[in-house]
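Inspection log for the structure reproduced underneath, given as structure tokens.
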Amino acid sequence: MKNQEVAHIFREIAKMLDLKGENPFRIRAYERAAQNIESVGEDLQKLFEQDALTTIAGIGEDLANKIKEIITTGTLRQFEKLKKEIPQGVLQMMEIPGLGPKTVKLIYEKLKIDSIDKLEIAAKTGKLRILEGIREKTEENIIRGVGFVRKGQERMPIYQALIIAHNFVESLKKMKEIEKIEPAGSLRRRKETVRDIDILVTSRKPASVMDAFTRLPYVKEILAKGETKSSIISRENMQVDLRVVQKQSFGSALLYFTGSKEFNIKLRQLAIKRGYKVNEYGVFSARSRREQKVAGKSEEEIFSLMKMAYIFPELREDRGEVEAALKNKLPKIVTLKDIKGDLHVHSKYSDGAETIERIARKASECHYQFIAICDHSQSLKVANGLPIKEVYKKIEETRKVNARLKGIYVLCGTEVDILSDGSLDYPDSLLKKLDVVIAAIHTGFKQSKAQLTKRTIAACKNKYINIIAHPTGRLWGVRDSYEIDFEEVLKAASDYNVALEINCYPQRLDLNDMHTFKAKQAGAKLALGTDAHILDQFKAIDLGVSVARRGWLERRDILNCMNVDALLKWLKK
Ligand code: DGT
Ligand code: CA
């Protein structure tokens, strides 16, 4: 798949243009294109051959020509030129949370600092202070931020890891020598970041599996090739381990390599108490003198032998799930099928690619009952926020679409900006005309924790606000979460009947699993929204469902699991 390569180049270009202080609309066009390319199901190579690149939303003639150049030459002249102007290390400095392009440029030009290592030393030795605007607090931020960027290099966000794992699994599945195949590890648990991918296989011909695996086109480097285990580095620099295990041990191997390590330890202790020994080869009775294998074929068999309920991989983090499973008190965690609609998508009215009608039809195809179209508000100019007059036009158009289409209900909504002073970007007189109102912070990320918390809580207090979008502002590769007093926000959310969003957009996943877990304990409701700007991004709901499952959410915790009538009633407060 060329998609990820092209998306990567476009993202890097966006960052470099940002550093050069170029037009924000141009920068956004590259970012948008990268996101859309990553979301489309089609291979760019194929679209290129069919001369259909411009069918992708956000790709005009100009960008299509750039994609053609990348496909045919392997790179882009513009990209190579920019790379000569701006060192890689400087770009990496931009990933430091709170360090804007202007400051990075200043540091680079005035102090010739061109890597995060040099930046760290300079911050620690007070060398940055000679620059205007750099204070002790900025230094502390930089030191913390460098750690964050380094950590980011070691682990990959789940959505990227899933794409890589999918490529490997789908190619290997075609081999007739392979009987069972399953990715394990943190990927199977859907942890938000993944260090390496562990894949398990059963086969009678391990040697041919190893040959095929190490020869796949996605392989950049072979680290080790053995009889039953091989490790490679993928083109995306991700380590992938493949193990061939015995059919009779598949369940115990899957259990072991799914982890987490903490969960495994808990389970092993429990087994010992019951007179068993558990490892990746099976469950053995420790009582008889000669160890006897009593289970191992499937995970279900092992859980049942331990006299406990089956624990879904997403729960295996030693957060109380083992104890709950023993008492048969595990939550009935939500599944994709329970989701009756998406509560946050964008249309052409603001920065999305589609009309209301096309969005509604796509929602129908997903077997949804409802879809909430929440476009940006007037002051967010880079996202084409809607002037008030346009919102009234949209309300009218939504009404017509609803009259025309059966079986799907379009909620006319907005994603209204919470302005720097905590006020909202639209008057109440407009908000009350909408079916659903999501409030979001898109500016002023550098404010103090107290200010950001106050803004969020101020929005919760407005009686027309239903949902707080991406409550911590995290955006992979762009910025870390901003600081808010999450306990306070949770309290306000439950007090004022406001749901907190699990934004499913792959680079966001905000709230994350731990926040979600806490939100449930505090009695707050959660709302899933993909933040889709093109139809292909509807499928990101799956990532949000994983977050919800890891947060132990059940149907009653989630607005998207309500029937449309109940939902509309809830939204009216
Ligand atoms: P990652 O790769 O850091 O994202 O996270 P995991 O959970 O995939 O960890 P990894 O790849 O090191 O190991 C895969 C699984 O193997 C892990 O979840 C549990 C199991 N495992 C690895 N090392 C140990 C160990 O020392 N003790 C136990 N009980 N299990 C282990
Ligand atoms: Ca792993």
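Quick notes
- Förster radius 41 Å - calculated FRET efficiency between residue 50 and residue 522, Cβ distance, rounded to 0.05: 0.20
- Computed E for residue 72/residue 137 - FRET, C-beta separation, R0 41 angstrom, nearest 0.05: 0.25
- Modelled spin-label separation between residue 222 and residue 405, with each label point placed 7 Å from Cα along the Cα-to-Cβ direction: 5.1 nm.
- More than 22 angstrom apart: percent of Cα pairs within segment 99-176: 43 percent
- By accessible area with a 1.4 Å probe, ligands and nucleic acids excluded, highest first: order of 210, 175: 175, 210
- Carbon plus sulfur fraction of accessible area for the chain, probe 1.4 Å, in percent: 50 percent
- Coarse-grained scattering of segment 1-122 at q = 0.19 Å⁻¹, given as base-10 log I(q)/I(0) from a Debye sum over alpha-carbon atoms: -0.98
- The Cα trace of the chain gives Rg and Dmax of 25.3, 82 Å, the first to one decimal, the second as a whole number.
- Annotation for residue 420 and residue 382: the two label points, set 7 Å from Cα along the Cα-Cβ direction, are 1.5 nm apart.
- Additional length obtainable on full extension of the chain from residue 125 to residue 554, 0.36 nm per residue less Cα span: 149.4 nm
- Around residue 557: net Lys/Arg minus Asp/Glu count, Cβ-Cβ under 10 Å: +3
- Base-10 log of normalised Debye intensity for segment 352-437 (one unit scatterer per alpha-carbon) at q = 0.10, 0.16, 0.23, 0.25 Å⁻¹: -0.26, -0.62, -1.11, -1.24
- Note, ³J(HN,Hα) from phi for segment 53-58, Karplus 6.51, -1.76, 1.60, rounded to Hz, x at Gly and Pro: 5, 6, 6, 6, 4, x
- Of the residues 469, 251, 171, the one whose Cα sits farthest towards the positive end of the charge dipole of the chain is 251 (charges of +1 on Lys and Arg Cβ, -1 on Asp and Glu Cβ, taken about the Cα centre).
- Rough spin-label spacing in nm, given labels placed 7 Å along Cα→Cβ, for residue 446 and residue 20: 2.4 nm
- Our Cα-only numbers for segment 336-572 put the radius of gyration and Dmax at 16.1, 48 Å.
- Only protein heavy atoms count here; on that basis, with a 1.4 Å probe, residue 448 has an accessible area of about 50 Å².
- Overall, the chain carries a charge dipole of about 1480 debye about its Cα centre when +1 sits on the Cβ of Lys and Arg and -1 on the Cβ of Asp and Glu, all other atoms neutral.
- Intensity falloff of segment 466-535 expressed as log10 I(q)/I(0), Debye formula with alpha-carbon point scatterers, at q = 0.14, 0.19, 0.20 Å⁻¹: -0.39, -0.70, -0.77
- Cα lying deepest toward the dipole's positive end in segment 3-154, options 41, 55, 6, charges on Cβ: 6
- P(r) histogram, all alpha-carbon pairs of segment 251-330 included - 10 Å bins from 0, percent: 20, 58, 20, 2
- Taking each residue as 0.36 nm, the span from residue 497 to residue 229 lengthens on full extension beyond its C-alpha to C-alpha distance by 91.3 nm.
- ³J(HN,Hα) computed for each position of segment 510-517 - Karplus, 6.51 cos²θ - 1.76 cosθ + 1.60, integer Hz, glycine/proline x: 9, 4, 9, 4, 5, 4, 4, 4
- Averaged over its residues, segment 241-374 has an accessible area of 49 Å² per residue, based on protein heavy atoms and a 1.4 Å probe.
- Computed E for residue 170/residue 564 - FRET, C-beta separation, R0 51 angstrom, nearest 0.05: 0.90
- Over 28 Å (Cα to Cα) - which of 348/433; 247/518; 174/261; 20/539; 46/180 fall in this group: 247/518; 174/261; 20/539; 46/180
- Ordering 78, 519, 234 by Cα displacement along the dipole of the chain toward the positive end leaves 519 in first place; charges were set at the Cβ atoms of Lys, Arg (+1) and Asp, Glu (-1).
The values are calculated or read from the model by the stated rules, or taken from the named source; none is laboratory data. It should be emphasised that the depicted structure is a prediction, and the values quoted were computed from it without experimental measurement. Every residue, glycine as well, gets a Cβ built from its backbone with ideal geometry; the counts of neighbours run over all protein chains shown. Only protein heavy atoms, including side chains, enter the accessible area calculation; ligands, DNA and RNA are left aside. Shrake-Rupley method; radii C 1.70, N 1.55, O 1.52, S 1.80 Å.
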